[in-house]
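Heads up: the structure comes next, in structure tokens.
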Amino acid sequence: MRIFSGIQPTGRKHLGNYIGAIVQYVAGQERGDAIYCVVDLHATTVAFDPIELRELTYDTAAILLAAGLDPERCILFRQSDVPEQSELAWLLTSVTAYGDLQRMTQFKDKSAKQRELVTAGLFMYPVLMAADVLAYRADEVPVGEDQRQHLELMRDIAIRFNARFGEHMVVPAARIPEVGARIMDLQDPTSKMSTTAAASEEGLVFVLDEPPVIERKFKRAVTDSGSGIHRAPDKPGVSNLIEILAAVRGVSAEQIEADHAGAGYGDFKATVASAVIDYLAPVRERYNALRNDQGGLESVLAAGAERARAIARDTLADARAAMGVGAPR
């Protein structure tokens, strides 16, 4: 089985990114041929600073390696180093419906915030995302719940391509974690934890936050009226804390509710904070050494790109031949 996923180099990585994606990446090394990509081209679809983009790409690579990605057991590369993905994206536009792109929830949300310029890149984002995955004929894509719509479009694109040009694309399946798929903001537990949507950083727990900062953020986390450690529609704050602790400990939310049935909110928040601190400590400790060796990071990304291009080149050649594009093979 081949696994592929891409991660944005925008903003600092938070607990939601870590639980929803990065932990899955590490586990994927044990389950199949794992390919992971830092998607710097996707990052150009919204306002960005060129110097910061390069630095954030290295930051993201260092966090992935610190979390446990092993270049000997997976392929880790930078998206822009594999031009085959970009060319395949253009070819896939021939089987992508304009109306489908218009219906993408993320395009609607992000374009509403880009009042000065809504870029064509933002509109075409899902097609490039489809090419990222289809270029490697991946069977499985670890994604968060918010990417389910993009994954469904990706599947539709692959099916349309195969129906028109022959069976050349693998139709991938999503892998969404049962626990921790949607970690919410600590200050606004009705909204997903996000660096772009957060009103303040107090609602975000970053992977590299120091222990006292994590303790403070959980201590100030919004809970709910009433009492009792259990999930309910009218208890989004406590429900979120339960989901976080369940994901960190690797148990079910029901088990967390049973274990803390008589706890007060203050004690429960302290328990969650302590568990998260222990959970993130190994990554934080390894990160600095990796990030300070920028030459080493560049070597890892470059070597990964060579291996990735060898795979993507074959897929692109098949697509070009099937579509009658370019010289005959």
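The values are calculated or read from the model by the stated rules, or taken from the named source; none is laboratory data. Keep in mind the model is a prediction, meaning the values are calculated, not measured. Note: ideal-geometry Cβ built from the backbone for every residue, glycine included; neighbour counts use all protein chains shown.
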Look through Leu117, Leu122, Leu153, Leu91 and report the one residue that is surrounded by fewer than 22 Cβ atoms within 10 Å (Cβ to Cβ) and in contact with a Phe, Trp or Tyr (Cβ under 7 Å, 6 or more places away or on another chain). Leu122
Hey, can you tell me all the residues within the range 123-153 that are in a helix (DSSP H, G or I), at pLDDT 95 or above and either within 19 Å of Gln24 (Cβ to Cβ) or of a type in the set (Asp, Glu) (or both)? Met129, Asp132, Val133
Within the group Asp146, Asp139, which residue is farther than 20 Å from Phe107 by Cα and either of a type outside the set (Lys, Arg) or out of contact with any Gly (no Cβ under 8 Å at 6 or more places or on another chain) (or both)? Asp139
Surrounded by fewer than 16 Cβ atoms within 10 Å (Cβ to Cβ), without any contact (Cβ under 8 Å) to a residue 60 or more places away in the chain, outside any loop (DSSP other than H, G, I, E, B) and not assigned by TED's automatic domain parsing to the domain that holds Leu56: is that true of Ala258 in this structure? yes
Complete set of residues in the range 300-328 that are farther than 19 Å from Ala34 by Cβ and either under 25 Å from the mean Cα position of the chain (by Cα) or in a helix (DSSP H, G or I) (or both): Arg313, Leu316, Ala317, Asp318, Ala319, Arg320, Ala321, Ala322, Met323
Hey, any hits in the range 134-148 for a residue that's out of contact with any strand residue (DSSP E or B) (no Cβ under 6 Å at 6 or more places or on another chain) and of a type in the set (Phe, Trp, Tyr)? no
Go through Leu280, Leu245 for me and flag whichever is in contact with a helix residue (DSSP H, G or I) (Cβ under 6 Å, 6 or more places away or on another chain) and modelled with pLDDT of 95 or more. Leu245
Out of the range 94-112, which residues are more than 21 Å from the chain's Cα centre (by Cα), in a helix (DSSP H, G or I) and either among the charged types (D, E, K, R) or buried (at least 16 other Cβ atoms within 10 Å of the Cβ) (or both)? Val95, Asp100
When the residues of the range 7-22 are narrowed to those that are polar (S, T, N, Q) and in a loop (DSSP other than H, G, I, E, B), which ends up nearest to Ala246 (Cα to Cα)? Gln8
Which residue out of Ala232, Ala221, Ala253, Ala246 is among the aliphatic types (A, V, I, L, M) and surrounded by fewer than 17 Cβ atoms within 10 Å (Cβ to Cβ)? Ala232
Return a yes/no flag: does the range 275-292 have any residue that is touching a His at 6+ places or on another chain (Cβ under 7 Å) and surrounded by 14 or more Cβ atoms within 10 Å (Cβ to Cβ). no
Is it the case, given these coordinates, that Val171 is of a type in the set (A, V, I, L, M), in contact with a helix residue (DSSP H, G or I) (Cβ under 7 Å, 6 or more places away or on another chain) and not assigned by TED's automatic domain parsing to the domain that holds Val276? yes
